[in-house]
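Bear in mind these aren't lab numbers, they're just calculated from the coordinates by the rules spelled out. These numbers were taken from a predicted model, which means no experiment stands behind them. With ideal geometry, Cβ positions are generated from the backbone for all residues, glycine too; neighbour counts draw on all protein chains shown.
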């Protein structure tokens, strides 16, 4: 059997997973790839750090040049994360004709164009299945299986941390802070959870999925982003009463040459398959103009699930031929895709107000909605005879612009104490 | 741009879908495949049959030799179904070095080995994504994305007709006959529904999935098969009371070198993602030793969804290089996989009896269960003071052999009028 030497950059959670899989599924991987894979070097920052895998000391290095300058190393697997030095290492590896497998969503979302172009120029493969949704083969589905389709819509639960938090809030009635604390204790959220709970992580992943699905180059800044910190147990309870479940959704749609790109909490019908994606699971719902509705569901993180995607990519590189690779035909990506303004988004809306329990308040608010072209689907008014009562609306589909105009006016009403929350309702 | 000529055998539902997709997504398909695809010939049985696509008359033929002997035709797309003449045409096409794309599950499940070997020998590609679960890219997921895994388990809802019938029975309380009639009226079931409702269709698909997942050659006769004709509205109602939903499942598991292969109706927890796969949708739940649980959900039939898989395969053939194809490394499939006897299956069981309303009946039955090593999880006894009453049990996990022994004895009890139904409960 042929042999191939590879290097791994980073021996954290995913790096350890890759090592474990290469070890325990050695025979299958050899047969399927046609190669005996030897991990020749592993780059780490600190040689003395305790590790949860048993790696021979002689292959550990802290010097990237040990890898770069070894021409017998044909594949570099980047699992460090972040921009630098990951980007520098990847570009250098590419320039030495090494094929690259990476799980680096942040780098790909923000500087993917430069890296993809370098790989194309040097004729090497750059695979990144693990960058979105861990073990779920969504990148391969879009790039290989759905090539007969125009993709028209993506709806994804692609952040496990927020999905864990929202699931606990929904199933156990927890408040956000409590659920976040639990997620941190169980290792589902980081000490600084900002990137997850504010929707940045989902935004990076959506940029990658949109690039592939629409053959575009999406700037992450053009994606509307809103996290889940404003969601309360009360909203989740009302959502249930209306038959909805709240999820952090990453949404991309193509309509008449414009892209609609947004990451925000949304109410979705509780019977929709996405509503039943719980805890740290991820799922991506995709609509193609031939295949119709398709959903992929699985583990979006973790050493072995993400490692499964990384090792799958290594095997793909080997199968495609490390010595005689020709990139598949591809149209130049469209950098000029117009991204639709959030004002032009069409949604239903859930609106929760705290109002004075005055006769006429409902009429006043309803009349402002009507004047702004917002038509109402349901109203819940609770807690009579108290000073401050909640008033909750679900609208029919309307322009976000109209909602914003209406809210501006409603805020001025003397009987309106507070706009407690506005959550989009996805009509799926 | 390079040009390629292909031929389609059969212009029924799927054939028409392929034609439509090649037409409406022409530009994308050219870019992604690197080829302008020309459908040079379409083989039909009857030239004068009315069609629902507008195909130029000059490319329609009733003579396969028009295709076989035209060396400019590089890909043959077989969408006729059945064994002959499909098999003969495919083997002849392969012998003339034409690549083959097929949706023929029956042929692949029963005679796939011969066809795959012929393709390997002649160095041509044989792709069959459309043969299982229509538009769901399950074949590609197993063959390409999950290569880092040992697959340990597959659970699939892979027959749309039976899932439509069971969904109507569950949601609307219909009886089987009524739901079947509705399915036939809506085009979800054929005039002769045997292949679907008796589980043959799911059995063929399971054989294909098992071959790929376990690198085996499964004889369809070694798959235990039971259809849904025995399921009644009453069973579905009891299932709900126990928190279960009844689905026709196709199950394959690998344990200690033995395969467990079975197609039968099963109760699954109503909160499991598979339980919410409704109507004609399909879903495949797959467990890999690295990726963990993964589910793919989508449309299992229909002209465009199935056409999406077929055209995706055509594009894959073109991308892989029609002139310089090398088959990926692969171990010789294992023909000697031992298939576990159904007696050795371990499940929970739902058992429904009609019994005389005598004191002591429950004790008698329970004692027989106990003697045979079957321990009971729940009992429902309804309708007091009638002559004939239902008695329903759910067991803990037990060997199918023990259930069969117990049932034999229970049937002999004078107070037992009838064993109404036995349905396996999957512990997923």
Kindly indicate whether residue B:76 is surrounded by 19 or more Cβ atoms within 10 Å (Cβ to Cβ), in contact (Cβ under 8 Å) with a residue 24 or more places away in the chain and assigned to a helix (DSSP H, G or I). no
Go over the candidates B:50, B:118 one by one and state the one that is without any contact (Cβ under 8 Å) to a residue 40 or more places away in the chain and either surrounded by fewer than 16 Cβ atoms within 10 Å (Cβ to Cβ) or in a strand (DSSP E or B) (or both). B:50
Scanning segment B:290-315 for residues that are surrounded by fewer than 24 Cβ atoms within 10 Å (Cβ to Cβ) and more than 7 Å from chain A (Cβ to nearest Cβ), the one farthest from residue B:162 (Cα to Cα) turns out to be B:303
Within segment B:16-44, how many residues are without any contact (Cβ under 8 Å) to a residue 24 or more places away in the chain and either at positive phi or more than 13 Å from every other protein chain (Cβ to nearest Cβ) (or both)? 0
Within segment B:215-228, the residues that are in a helix (DSSP H, G or I) and buried (at least 23 other Cβ atoms within 10 Å of the Cβ) are none
Before we move on, is residue B:8 touching a residue at least 40 places away in the same chain (Cβ under 8 Å), in contact with a strand residue (DSSP E or B) (Cβ under 6 Å, 6 or more places away or on another chain) and under 26 Å from residue B:136 (Cα atoms)? yes
Tally up the residues in segment A:1-15 that are surrounded by 22 or more Cβ atoms within 10 Å (Cβ to Cβ), in contact with a helix residue (DSSP H, G or I) (Cβ under 8 Å, 6 or more places away or on another chain) and either in a helix (DSSP H, G or I) or within 12 Å of chain B (Cβ to nearest Cβ) (or both), please. 1
When residues of segment B:169-205 are filtered for being touching a residue at least 24 places away in the same chain (Cβ under 8 Å), more than 12 Å from residue B:250 (Cα to Cα) and buried (at least 18 other Cβ atoms within 10 Å of the Cβ), how many remain? 9
Looking at the structure I just gave you, is residue A:154 part of a loop (DSSP other than H, G, I, E, B), surrounded by 24 or more Cβ atoms within 10 Å (Cβ to Cβ) and under 25 Å from the mean Cα position of the chain (by Cα)? no
Taking segment B:403-421 as the region of interest, how many residues are within 29 Å of residue B:270 (Cα to Cα) and surrounded by fewer than 16 Cβ atoms within 10 Å (Cβ to Cβ)? 3
Across (1) within 14 Å of chain B (Cβ to nearest Cβ); (2) surrounded by 21 or more Cβ atoms within 10 Å (Cβ to Cβ), residue A:269 clears everything bar (2)
Is it true that some residue in segment B:91-101 is within 23 Å of residue B:136 (Cβ to Cβ) and more than 14 Å from chain A (Cβ to nearest Cβ)? yes
In this structure, is residue A:418 touching a residue at least 12 places away in the same chain (Cβ under 8 Å), touching a strand residue (DSSP E or B) at 6+ places or on another chain (Cβ under 6 Å) and farther than 30 Å from residue A:259 by Cα? yes
I need a count of the residues in segment B:33-62 that are closer than 17 Å to residue B:18 by Cβ and touching a strand residue (DSSP E or B) at 6+ places or on another chain (Cβ under 7 Å). 14
Looking only at segment A:226-243, decide whether some residue is closer than 29 Å to residue B:302 by Cα and touching a helix residue (DSSP H, G or I) at 6+ places or on another chain (Cβ under 7 Å). no
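Okay, residues lined up against (1) more than 14 Å from every other protein chain (Cβ to nearest Cβ); (2) in a loop (DSSP other than H, G, I, E, B); (3) over 14 Å from the mean Cα position of the chain (by Cα):
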| site | (1), (2), (3) |
| --- | --- |
| B:141 | no, no, yes |
| B:161 | yes, no, no |
| B:170 | no, no, yes |
| B:184 | yes, no, yes |
| B:195 | yes, no, no |
| B:208 | yes, no, no |
Does residue A:180 meet the test of being within 20 Å of residue B:32 (Cα to Cα) and away from chain B (no Cβ under 14 Å)? no
Would you confirm whether any residue within segment B:110-131 is closer than 22 Å to residue B:249 by Cβ, away from every other protein chain (no Cβ under 14 Å) and out of contact with any strand residue (DSSP E or B) (no Cβ under 9 Å at 6 or more places or on another chain)? yes
Every listed condition ((1) surrounded by fewer than 21 Cβ atoms within 10 Å (Cβ to Cβ); (2) within 14 Å of another protein chain (Cβ to nearest Cβ); (3) touching a helix residue (DSSP H, G or I) at 6+ places or on another chain (Cβ under 8 Å)) holds for residue A:285 save (1)
If I go through segment A:316-347 residue by residue, how many of them are within 11 Å of chain B (Cβ to nearest Cβ), surrounded by 12 or more Cβ atoms within 10 Å (Cβ to Cβ) and out of contact with any helix residue (DSSP H, G or I) (no Cβ under 8 Å at 6 or more places or on another chain)? 3
